[in-house]
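As structure tokens, the structure follows; a few thoughts come after it.
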Amino acid sequence: MSHHRDSGAGPPDEYVEAEIHRLLAEDPAVAEQGITVVRRERALVLYGEVESPHRRAEILRRVAERFPDVPITSDIGVIRAQAPTEIEQLP
Amino acid sequence: MVIRIAAVGDVHLDEDVVGRFRPALEELPDCADVLLLAGDLTRHGTESEARCVAQEFGGLGVPVVTVLGNHDHQCDQVPQVVKVLEDAGITVLEGNGVVLDCAGGRLGIAGVKGFGGGFAGRCASDFGEPEMKAFVRTTNESAESLGKALRSLDCDMLVALTHYSPVPDTLAGEPLEIYPFLGSYQLGQAIDSAPTALALHGHAHAGTERGTTPGGVRVRNVAHPVIKQAYSVFHVGDQHDSDQVSPIGRSGSQRSWS
Ligand SMILES: [Fe+2]
Ligand SMILES: [Fe+2]
């Protein structure tokens, strides 16, 4: 007589979010802790900044591979690495 | 007396990043006396990633001093990582310090990776399960070694270098729930136990740049995702003009933004 919640639509979104978050941090091919997973109406959106375009592509590839049925879009940027144009003076 | 300090943390190097920082780094001898790296030099702390760091940050024409970050511990190859860095002339600090002779005086740098633990009134305590006590013991020992190193240096200006944050100020932007994994107030206390002029840290990728310890020491989060440039430059010491921020004296202005 258990009231098992099964909508047939897979795990609740919170768990998918948590799993993606851990996948990104713990998967050696990604190892990013700074990516945020935000739930929007139609998809999960990944935000954050990485060090190379290669890493951004790898993140999307790994997440799509692990969650083929979850619609995911990304807004991940590559951090600029130009020399500074200003200094900060401290007493 | 002004000492020019360049700093960046969390560059998380691997082969795919090598060369991205180098053009900006080549300008360092013109604008800084030293480059400080605030940990998380690599993605997983492997020897081969350390070689990427050595290639990118070695032979710069200014001394390079670093602490390691949590990522540099991931593969349990710390001794190998440290050796590769030191062979490239990079000084690696962990609970100790170094004094460099700069044009503006003797710069003392004390460094430690640091650890989580949380901030005053909202922190983990040395109580309960052995795992919890081990966690807090790591926090305390790390901070104590930083304090000891800071107080031991004979120099004209003292800088503290950590990976984890000594204050909550520079974490603004991170979820409050993870502050205890981002730093500890004990690091701040250690910094305040010596006449520290500036404290630099990384680790909080979504944090903000500026903060102050309870004792009034300026704190800067120099994590690469926070500063969004190859490094920041700080002029520390007596200034002639009072502008907080001034342009770097450099002729070229073309920069690649990718
Ligand atoms: Fe990092
Ligand atoms: Fe870190």
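Looking at (1) within 12 Å of another protein chain (Cβ to nearest Cβ); (2) among the hydroxyl-bearing types (Ser, Thr, Tyr); (3) open to solvent by 20 Å² or more (accessible area, probe 1.4 Å), which is the only condition A:THR73 fails?
Looking at each condition in turn, A:THR73 falls short on (1).
Only one of B:ALA124, B:ALA149 is aliphatic (A, V, I, L, M), farther than 15 Å from B:GLY202 by Cβ, modelled with pLDDT under 95 and surrounded by 16 or more Cβ atoms within 10 Å (Cβ to Cβ); which?
Working: B:ALA149 fails: modelled with pLDDT under 95.
So the residue among B:ALA124, B:ALA149 that is aliphatic (A, V, I, L, M), farther than 15 Å from B:GLY202 by Cβ, modelled with pLDDT under 95 and surrounded by 16 or more Cβ atoms within 10 Å (Cβ to Cβ) is B:ALA124.
Suppose we keep only residues that are within 12 Å of ligand 2 (Cβ to nearest atom) and more than 14 Å from chain A (Cβ to nearest Cβ) within the range B:54-83. Which one would you say is surrounded by the most Cβ atoms within 10 Å (Cβ to Cβ)? Can you show your working first?
In the first step, residues of the range B:54-83 are kept if they are within 12 Å of ligand 2 (Cβ to nearest atom); the result is B:67-74.
Going one step further and asking which of them are more than 14 Å from chain A (Cβ to nearest Cβ), we end up with B:67-68.
Numbers: B:VAL67: 32, B:LEU68: 26.
Among those residues, the one meeting the criterion is B:VAL67.
For the range B:22-53, which residues satisfy the criterion of being in contact with a strand residue (DSSP E or B) (Cβ under 7 Å, 6 or more places away or on another chain), more than 11 Å from chain A (Cβ to nearest Cβ) and small (Gly, Ala, Ser)?
B:ALA38, B:GLY39, B:ALA50
In the range B:25-52, what residues are away from ligand 1 (no atom under 16 Å from the Cβ), among the small types (Gly, Ala, Ser) and surrounded by 21 or more Cβ atoms within 10 Å (Cβ to Cβ)? Break it down into steps so the answer makes sense when it comes.
Applying the first criterion (away from ligand 1 (no atom under 16 Å from the Cβ)) to the range B:25-52 yields B:25-35, B:47-48, B:51.
Next cut, among the small types (Gly, Ala, Ser) only: B:32, B:48.
Scanning the range B:25-52 gives a single hit, B:ALA32.
Can you confirm whether A:VAL45 is buried (at least 17 other Cβ atoms within 10 Å of the Cβ), more than 14 Å from every other protein chain (Cβ to nearest Cβ) and outside any loop (DSSP other than H, G, I, E, B)?
Numbers: buried (at least 17 other Cβ atoms within 10 Å of the Cβ): no; more than 14 Å from every other protein chain (Cβ to nearest Cβ): yes; outside any loop (DSSP other than H, G, I, E, B): yes.
No.
Taking B:HIS44 as meeting all but one of (1) without any contact (Cβ under 8 Å) to a residue 40 or more places away in the chain; (2) outside any loop (DSSP other than H, G, I, E, B); (3) of a type outside the set (Val, Ile, Thr), write down the number of the exception.
It fails just one condition, (2).
Might you check whether a residue that is surrounded by 24 or more Cβ atoms within 10 Å (Cβ to Cβ), modelled with pLDDT of 95 or more, assigned to a helix (DSSP H, G or I) and among the small types (Gly, Ala, Ser) occurs anywhere in the range B:7-22?
The answer is no; no qualifying residue exists.
The values are calculated or read from the model by the stated rules, or taken from the named source; none is laboratory data. It should be emphasised that the depicted structure is a prediction, and the values quoted were computed from it without experimental measurement. Glycine also receives a Cβ, built like all others from the backbone with ideal geometry; neighbour counts cover every protein chain displayed. Remember, those area values only see protein heavy atoms, side chains included, never the ligands or the DNA or RNA. Shrake-Rupley method; radii C 1.70, N 1.55, O 1.52, S 1.80 Å.
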